[in-house]
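Structure, as structure tokens:
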Amino acid sequence: MKDFYKHLNINSYSSIEWKLMKVSFSLIWFLSLLSILYKYNFAPIPESIFKLFPAGFYLSTNAKILLFIANLILICCYILEKYFWWSLLGLSLISLFGFSLEDSNSDFDRNTMITGIFFAQFFAYSIKKKYFDFDIEKYRVQFSVQIIAISYTLSAIAKLRTSGLNWVTDGLLMPLQIMKTNYFGYVNDANIEHIHNAHHVIELLSKYSVAVMFVLAFTLIIEFFAFVSIFNKKYSFIYGILLMFMHIGIYLVLDVAIKGTYIPMLIFMLNPLFLFWTIIKSLKNNLIKVYEKHA
Amino acid sequence: MFIIGLIYLIGVIIFGEQHPFSKFSMYSSFADYSYVFYFTDQENKMIKCTDLNSTGTNLAHMYTTVCENNNFSHGHGMESDSVLHEVGKQMLNIIKINNIKLNHNNKKVKLNRMYFYYEGNIIQCKKQEMYETVFN
């Protein structure tokens, strides 16, 4: 773990940290696109770039295969850092296309961060092309964190603009939302457990209404100050932990897991693969030490 | 170097809720009502949303979009039966489009709505059938 703390105090990202971020991010992007290509052929309610497409857009099986292959090649180039600027441009555009297609089917899965991060990294490498002394090792990740941080801050601003500080006290109306989101789960998979969970959570929250308001106030503060995570790597990590707890709370209470938001946040703020890699490395070193002592 | 955050912010102001920009306004208020949509078959047995390439969230968003595209006022259970019928028809047409490859053997599918609201301190639920169609 010493290694990990050491990495946190250096306000730049090592090659292995960056590689593991790319691998995790590529995987989540690959699975997202696969799901979109499997589910959608049309854009019945055009949103985003599909407002520019002619009516009656149809994505044929051949086009899907082509898109899938292109995406696979671009992901390989992205991970191996070959034709990096081009691969980032390609991935940004495919991501924009894919998630806009999803939105055009009213499937708002809040995946704006994924496209935003590809564009942010593309932007970082575009600056590097022009300014050779640009600290790309730092900014290719920091730009990604900026997209994540601004999204959370915007979420807090939206709450303050719509409900003001009353958002905290309005939380007493939350049982209706709990009912809704748990029923969403129920109509998806017909598992009655979602409804039992809704009644259980509502009963629990009615007993602790003051605590609910306190948690909501805390959530609003965490979201509003998310921009702090931009300042340095250590803040970003600490903020990542706070946001992770916030998402766990949302999942337990509302039965809602916003994958397009919390997964990029975990990857670029906490980098779980790197944490795992550090633990394995440290265990290996300790085992070698023990072996050498007894040999 | 906070340029990306700034660009995103400007993008949100200009383009609003258009991918990849978003105001992240979900749960920015706690409404005093909620809607849940679900499918049933001819025997009124629930059909899982996933069986029709959909989700509960997906249907809720679709409902709002269809209402807004048709300039139908919506929320708080104010929609008349004819509005619900028309919205349900358009929603099922969209659902059908993304299920053309599935073999439903002339299956009857009904779209229904649950309306949750408070009566005093108690949550009430009103179920309404919106539209029925045949998937083939």
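Where a number appears in this text, it was derived from the coordinates with a stated rule and is not lab data. Since we're looking at a predicted model, the values are computed, not measured. As a convention, Cβ positions derive from the backbone with ideal geometry for all residues, glycine included, and neighbour counts pool all protein chains shown.
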Which chymotrypsin sites (Phe, Trp or Tyr not before Pro) in the range A:131-171 pass both tests, a DSSP loop state and at most 12 other beta-carbon atoms within 10 Å?
-> A:131, A:132
Using the beta-carbon distance between residue B:25 and residue A:291 and R0 = 60 Å, what value does 1/(1 + (r/R0)^6) give for FRET efficiency, to the nearest 0.05?
-> 0.60
Per residue of B:32-45, what is the mean number of Cβ atoms on other protein chains within 10 angstrom of that residue's Cβ?
-> 3
Per-residue ellipticity at 222 nm attributable to helices in chain A (runs of n ≥ 4 DSSP H, -39500 (n - 2.57) apiece, nearest 500 deg cm²/dmol) works out to -25500 deg cm²/dmol
Per residue of A:147-155, other chain Cβ atoms within 10 Å number on average 5
About the Cα centre of the protein assembly as shown, how large is the charge dipole given +1 on each Lys and Arg Cβ and -1 on each Asp and Glu Cβ? Please answer in debye to the nearest 20.
-> 1420 debye
Whole-Å distance linking the alpha carbon centroid of the range A:50-96 with that of the range B:61-136 is 34 Å
Can you give the calculated 222 nm mean residue ellipticity of chain B, where each DSSP H run of n ≥ 4 adds -39,500 (n - 2.57) and the sum is split over every residue, rounded to the nearest 500 deg cm²/dmol?
-> -10500 deg cm²/dmol
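Under the classification rounded if a/c is under 1.5, otherwise prolate if a/b is larger than b/c and oblate if not, where does chain B fall, given a ≥ b ≥ c as square roots of the Cα gyration tensor eigenvalues?
oblate
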Taking R0 as 25 Å, what's the FRET efficiency between residue A:275 and residue A:228 from their Cβ-Cβ distance, rounded to 0.05?
-> 0.75
Rough spin-label spacing in nm, given labels placed 7 Å along Cα→Cβ, for residue A:12 and residue A:189 | 4.5 nm
In percent, what relative contact order does the range A:1-140 have, based on Cα pairs under 8 Å that are 6 or more apart in sequence?
-> 28 percent
Using the alpha-carbon atoms, what tilt in degrees (0 to 90, nearest 10) does helix B:81-97 show relative to the longest principal axis of chain B?
-> 80 degrees
Peptide-level mean, for B:58-67, of C-beta atoms on other protein chains within 10 Å = 5
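Going by how many other Cβ atoms sit within 10 Å of their own, how do A:13, B:63, A:291 line up, fewest first?
A:291, A:13, B:63
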Which of A:169, B:13, A:24, positive extreme of dipole for the protein assembly as shown (C-beta unit charges) = A:24
Stretch gain in nm, segment residue A:283-residue A:58, where the contour uses 0.36 nm per residue and the Cα spacing is subtracted = 75.7 nm
Rounded, prolate or oblate: which fits the protein assembly as shown when a ≥ b ≥ c are the square roots of the eigenvalues of the alpha-carbon gyration tensor, with rounded for a/c under 1.5 and prolate only if a/b beats b/c?
-> prolate
Estimate the FRET efficiency between residue B:81 and residue A:82 by the formula 1/(1 + (r/R0)^6), using the beta-carbon distance for r and 56 Å for R0, to the nearest 0.05.
-> 0.40
Sort out the exposed loop trypsin sites (Lys or Arg not before Pro) in chain B (DSSP loop, at most 11 other Cβ within 10 Å) and tell me the longest stretch that has none.
-> B:46-100
